[in-house]
Structure formats: C-alpha cells, structure tokens
Amino acid sequence: MYDLMIIGGGPAGLAASVYAARKQLKTLLVSGDIGGQINTTWGIENYLGYQFIEGPELINKFQAQVGQFPIDQKIGDKVRQLKKTSGGFEAITEASDKYQSKTAIIATGKIPRKLNVPGETELTGRGVTYCAICDGPIFAGQKVAVVGGGNSALEAVLDMVKIAEHVNLVSLTPLTGDRVLSNQLKDAKNLTVFLEHETREIKGQGLVDGIRIRDAKSGEEKELEVGGVFIEIGLVPNSDAVKELVQLNQWGEVTVTPRNETSVPGLYAAGDVTDVPEKQILVAAGEGAKAALQAHRYLQRLVK
C-alpha cells in the first residue's frame, strides 16, 4: 500500500514525484513512458532556466532529478483502469498488474490527433510538430505549413505569419475556427490558404523539406516546399482509465478545483489531462507540484 500513486510520466507526474518525495511519502510512479508529448518536441525556448533545450534533453534532466529520490517506478506499463477501494485506490495496468495507494494523482496528459500519413512518424521532432506555441520560434524565417482548420490551427497561423517567411494553411474542410481569428488573417501577405485540401504526405530525408497535398474536389496534387509542419487538428485527453470514476468535461478532460481536487476525495489530477487552461510544460509542472502538496495535506488529515 503506497501513500501516493502518480499515474503519468510527463512534466506533471515527474514534478509531483519530486514534491511527494520531499514530503517523504511512500510513492509509486507508474507510466507507459517518460516524457509524454515532450519526446516529440523539437526544441523548447520557454522553460525557465533554459534559453533553448531539446525536449528529450529536458525530460532526461527531469528524470535524473526524480531518480535521486526513493520512489518506486513502474515504467512501460500503462494504467488501464483506476478503481476506488475502501482503503483508497487500485490501479490495474495493461499487463494486469495491480497497485494500491491511499491517494492518487492522474497526470496522464494528452496525445495529439495524428494525420496518419507517410512521413509523419519518421519526421516527428524533425520538422513535424504538434505545438506552434512550443516550437514556432525555431522555424523563424522559414517556409512552413499549418494543417487544420479550427481555432488551434488559426492561432498557430497568426503566430507564424509574424515570424515565418511564408505560411501555408492546409485544411480538409472550410475553416471552422472563430470568425474573429480568421478575420485577422485577411491582411497577412505571407499566407496561402488551401481549403478542402487533404494532406497526403510529409516529405524529407532526416528533416522535413516538403508536404504533398491533394485538392479534395479536383483531385489535383501539389507539393509545397516547407521546413516545418504544424499539425493542429486537436488533442485527445488520456482519461480513459478514470472515465467511469471522476467527472469529465465535454472534451474528456478531468475537471479539477484550483487545488487539483477531482470529484473523488483523495484523487487529484494535474497537467494536460485536466481542464486547466494553457497546455504548457511549465504550467503542467507547477500543477503537478500543487497536486502532490494537496495529496500530502489530505494524508495528514487522514492521520488526525
């Protein structure tokens, strides 16, 4: 029986681990991987202490710090379901292992929706990115493509037209984002919009150098020369393991209070899997720290 079980190995889960260890809680960290979305982030320029750092390098530093503490880690096995028990919580993994704890933190993050086209997987982190806010400045002065037609795609375009040589917006549908955003794009001189165009392939040897698109009406295909591709077609919360346990919002995010409390006492949530706005590494790490401190306070009340 652990004092605290942290589910998820991204910035929120790792920060929670450090704070839990400093409070001398008997802690288990269980996750399918270490790093989450950061593993697909090419470069980071907005994390305090680093003017620039690659995503995997930052995660290695996080992991090394966690490794200094006596925390049990079960990495490589995702939690399939979290249940409420009389003594707290029980996690059942995909390998059918079971772990019990008095309190728990859900920090399972989100995963980007994929295009599932040739070149996407191979070039992720090598020009293919799922976060314009995170990686946009790396492509300053280059030709880029933004794929998507919703608010996240339009916001990415608005950011990139200020710093890129040229931006190509490729949307399979007419634009679905807010009109106030699309109206702001009308004066952009370095923007070409391809509506009702399907992204067929991301091209490049080692690094992205182009994208192949197809007109959904005429069937005509063309290649665009770009050094970066921002895939902005949405994110999916990794909340399946708790969907029958806690309150979720309409997008499947875990709803939390400012103290990271879920609808179940003793169960906390932090990072991108929650309804906290701004999905950023720094925000997730801070939320993870808060969640661990709240779990510690909850355990203190149990003792009393």
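A few comments on the model shown:
- Selection count where residues are in contact with a Lys or Arg (Cβ under 8 Å, 6 or more places away or on another chain) and either of a type in the set (A, V, I, L, M, F, W, C) or not assigned by TED's automatic domain parsing to the domain that holds PHE89 (or both), scope segment 268-304: 6
- The numbered conditions (1) in contact with a Leu (Cβ under 9 Å, 6 or more places away or on another chain); (2) more than 21 Å from GLN280 (Cβ to Cβ) are all true for VAL66 except (2).
- If you go through segment 65-76 and pick out every residue that is acidic (Asp, Glu) and either at positive phi or touching an Asp or Glu at 6+ places or on another chain (Cβ under 6 Å) (or both), you end up with 0.
Each row is one residue, and each column tells you yes or no for (1) under 19 Å from ALA16 (Cβ atoms); (2) touching a residue at least 12 places away in the same chain (Cβ under 8 Å).
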{"position": "GLY43", "(1), (2)": "no, yes"}
{"position": "LEU48", "(1), (2)": "yes, yes"}
{"position": "ILE59", "(1), (2)": "yes, yes"}
{"position": "ALA64", "(1), (2)": "yes, no"}
{"position": "LYS74", "(1), (2)": "yes, yes"}
{"position": "ASP77", "(1), (2)": "yes, yes"}
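- Strands (runs of 3 or more DSSP E) wholly inside segment 113-211 containing at least 2 residues that are at pLDDT 95 or above and either of a type in the set (Phe, Trp, Tyr) or surrounded by fewer than 21 Cβ atoms within 10 Å (Cβ to Cβ) (or both): 191-195, 197-203
- Qualifying position, being among the small types (Gly, Ala, Ser), out of contact with any Cys (no Cβ under 8 Å at 6 or more places or on another chain) and at pLDDT below 95, among GLY9, GLY36: GLY36
- Across segment 236-278, the number of residues qualifying as farther than 27 Å from GLU155 by Cβ, of a type outside the set (Ser, Thr, Tyr) and in a strand (DSSP E or B) comes to 2.
- Test: residue in segment 44-65 that is outside any loop (DSSP other than H, G, I, E, B), of a type outside the set (Phe, Trp, Tyr), surrounded by 17 or more Cβ atoms within 10 Å (Cβ to Cβ) and touching a Cys at 6+ places or on another chain (Cβ under 7 Å): yes
- Residue in segment 83-99 that is among the small types (Gly, Ala, Ser) and assigned to a strand (DSSP E or B) present: yes
- Qualifying residue in segment 265-281 (condition: surrounded by fewer than 17 Cβ atoms within 10 Å (Cβ to Cβ), in contact (Cβ under 8 Å) with a residue 24 or more places away in the chain and farther than 23 Å from ASP33 by Cα): yes
- Filter pass, PHE69 being under 22 Å from TYR19 (Cα atoms), aromatic (Phe, Trp, Tyr), surrounded by fewer than 17 Cβ atoms within 10 Å (Cβ to Cβ) and touching a helix residue (DSSP H, G or I) at 6+ places or on another chain (Cβ under 9 Å): yes
The values are calculated or read from the model by the stated rules, or taken from the named source; none is laboratory data. Since the model is a prediction, treat every value here as computed from it, not as a measurement. Neighbour counts run over all protein chains shown; Cβ positions are idealised from the backbone, glycine included.
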